[in-house]
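What follows is one structure encoded as structure tokens, with my remarks underneath.
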Amino acid sequence: MSGCIVAGAAFRLAGRTGRSGRRALCWTASRQSEVSGGDTQTGRPTADETTATTATSTFAESFKKFEGLNQPKGDETRRSESFMTLLRNSPFIKMGDPTGKVVEGEVFHVVGDDLYIDFGGKFHCVCPRPPRRSEEYVLGARVRLRLHQLELSSLFLGAKRDLSLLEADATLLGIISSPYRSKAKQTT
Amino acid sequence: MSLYRSAVRLLPACLRVTSRRALVTSSARTKDHDLHLPTPAGPLGTWATLKPRPEKYVDTEADIDPSVTDPLRHPDYFGVRELFTMSDLFDARVHLGHREGSLNPYMAEFLLGSRLGHCVFDLERTAQLLRDALNFTAHIAYRGGIIMFVCRSPQHVHMVERTAMECGEFSHCRHWPPGVFTDSTALFGGVTRLPDLLVLLNTLDTVLEQHGAVKHAAKMLIPTVGVVDSNCDPRLVTYPVPGNDDSTTAVRLYCKLFSEAIRRGKAEREKSAVV
């Protein structure tokens with residue numbers, strides 16, 4: 001089973017990562033539709049009203065219409081999205097089966113040689129510090145992980161319910177960026 | 001029950017339950033696979049619903065009538081509806097639940113469904129219940145009540161204790177001795193004023209046991225606001241808020257929201273100098 005890199009800096013939720021690239025295309029298309037005809041879903045003016053305004057619009061009004069075209073999509077539009085839309089477009093759903101997926105995470109806690117890495121799921125994972133480039137695995141380092149399970153929980157003999165370890169299971173693949181590296185660059 | 005069936009039908013492809021092999025298969029598991037709904041684990045092994053709550057939810061669409069001055073009659077006196085949005089809940093990973101294998105039957109009604117074995121909460125329902133909980137918290141603070149935060153997740157204890165301290169309220173995030181509420185006079189050596197509200201950010205003590213505070217607060221008629229995850233029992237919690245209680249982002253959001261609600265209640269109390 002080959003791991004595949006999930007699109008858009010993968011599993012880190014927060015739509016900020018999704019705003020670039022693919023998202024911009026969708027935004028432009030929807031923006032044009034808003035400007036031209038009217039989008040019934042967002043309560044934009046109906047076709048009758050827009051034809052009435054375009055008939056008597058001046059240059060100033062036209063300019064105003066296209067003023068915000070180059071500005072990035074604001075948080076207001078995101079706020080009005082329903083839960084279903086957010087869920088449907090989330091990496092959690094798009095990822096599918098988490099086994100074997102390569103995701104990006106951040107080291108948020110270090111205890112000795114154990115790295116606690118948060119990759120955007122419900123739980124964090126704990127990985128041992130690798131022997132190669134070990135000095136770079138510090139707090140705040142961004143790392144690449146191969147996921148095995150989102151939650152380590154299983155049913156044991158005689159139990160009625162699953163027992164959960166409250167942790168995810170992932171293998172550390174390598175460093176993406178590290179504060180150690182950037183610090184070294186600054187000093188040299 | 002019908003609500004669940006329609007909710008699952010909305011996204012049939014992605015919310016289908018896949019048959020999952022357990023280390024030991026129990027007879028209770030094999031029942032609901034053909035319905036494509038997560039099978040609650042435990043002795044019931046079937047769906048169960050809580051009794052419907054009689055009071056109305058904090059209505060987000062209700063127009064505020066300026067003539068309504070009584071805080072108790074106001075639909076949202078402290079404006080808790082504007083404290084959070086759906087995106088805030090989603091970004092904080094509130095919708096992520098545990099696996100189906102640890103699903104409590106009484107939590108099944110709060111789920112949207114399950115995604116490849118992982119439960120997903122219905123955030124529309126969570127948002128309603130969270131607004132109610134915040135509204136209630138703000139009202140308790142407005143009336144000068146003592147609020148106590150409880151959290152047993154070791155990584156969040158410090159955050160919760162600091163939150164409680166910053167909003168001028170109390171917390172108990174350590175081991176819960178048996179007689180704290182029920183035998184308080186003996187334990188503390190005198191007549192003790194008990195909290196007027198308990199805010200539980202974890203209703204479980206360990207993964208297997210419910211926190212003693214839930215039962216004891218119910219015995220002493222102390223209302224509780226509790227974040228209930230998919231493996232928790234919501235029956236004794238007065239204002240359950242179904243959502244993720246394990247992720248740090250979610251707990252941070254809850255701390256922020258509850259402390260803001262308390263602050264608003266206290267500010268209003270000082271402003272109006274009520275009894």
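Some observations on this one:
- Any hit, segment B:188-201, residues being open to solvent by 10 Å² or more (accessible area, probe 1.4 Å) and outside any loop (DSSP other than H, G, I, E, B): yes
- Within segment A:149-160, considering residues that are within 7 Å of chain B (Cβ to nearest Cβ) and more than 26 Å from A:D118 (Cβ to Cβ), the one surrounded by the most Cβ atoms within 10 Å (Cβ to Cβ): A:L155
- Checklist (1) in a loop (DSSP other than H, G, I, E, B); (2) at pLDDT 95 or above applied to A:V103, failing item: (1)
- Neighbours by Cβ (under 7 Å, 6+ apart or cross-chain): first from segment B:186-207, more than 26 Å from B:D229 (Cα to Cα); second not in a loop (DSSP other than H, G, I, E, B) and not small (G, A, S): B:V191/B:T185; B:T192/B:T185
- Of residues in segment A:102-136 being in contact with an Asp or Glu (Cβ under 9 Å, 6 or more places away or on another chain) and away from chain B (no Cβ under 14 Å), the one surrounded by the most Cβ atoms within 10 Å (Cβ to Cβ): A:C127
- Candidates are the residues of segment A:178-188 that are out of contact with any Gly (no Cβ under 7 Å at 6 or more places or on another chain) and surrounded by 14 or more Cβ atoms within 10 Å (Cβ to Cβ); the one that is modelled with the lowest pLDDT is A:R181.
- With respect to the conditions (1) modelled with pLDDT under 95; (2) assigned to a helix (DSSP H, G or I); (3) among the polar types (S, T, N, Q); (4) farther than 29 Å from A:L87 by Cα, B:T163 falls short on a single one, namely (1).
- A:R144 being more than 22 Å from the chain's Cα centre (by Cα) and either more than 14 Å from every other protein chain (Cβ to nearest Cβ) or open to solvent by less than 10 Å² (accessible area, probe 1.4 Å) (or both): no
- Where A:L163 falls short, out of the listed (1) facing chain B (nearest Cβ under 10 Å); (2) at pLDDT 95 or above: (2)
Condition check ((1) more than 10 Å from chain A (Cβ to nearest Cβ); (2) in contact with a strand residue (DSSP E or B) (Cβ under 9 Å, 6 or more places away or on another chain); (3) not hydrophobic (A, V, I, L, M, F, W, C)) across all residues:
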residue: B:H95; (1), (2), (3): no, yes, yes
residue: B:R99; (1), (2), (3): no, yes, yes
residue: B:L103; (1), (2), (3): no, yes, no
residue: B:L116; (1), (2), (3): no, no, no
residue: B:L130; (1), (2), (3): yes, yes, no
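- Residues (away from chain A (no Cβ under 14 Å) and buried (at least 24 other Cβ atoms within 10 Å of the Cβ)) located in segment B:238-258: B:P240, B:V241, B:Y254, B:F258
- Number of residues in segment B:202-236 that are more than 14 Å from every other protein chain (Cβ to nearest Cβ) and open to solvent by 10 Å² or more (accessible area, probe 1.4 Å): the value is 11.
- Subset of segment A:76-91 that is open to solvent by 80 Å² or more (accessible area, probe 1.4 Å) and facing chain B (nearest Cβ under 8 Å) - its residue that is modelled with the lowest pLDDT: A:R79
- Of all residues in segment B:85-128 being out of contact with any helix residue (DSSP H, G or I) (no Cβ under 8 Å at 6 or more places or on another chain) and assigned to a helix (DSSP H, G or I), the one that is surrounded by the most Cβ atoms within 10 Å (Cβ to Cβ): B:S102
The values are calculated or read from the model by the stated rules, or taken from the named source; none is laboratory data. As the structure is a prediction and not an experimental result, all values here were calculated from the model. Don't worry about glycine lacking a Cβ; one is built from the backbone with ideal geometry, like all the others, and counts go over all protein chains shown. Heavy atoms of the whole protein, side chains included, go into the accessibility calculation; ligands, DNA and RNA do not. Shrake-Rupley method; radii C 1.70, N 1.55, O 1.52, S 1.80 Å.
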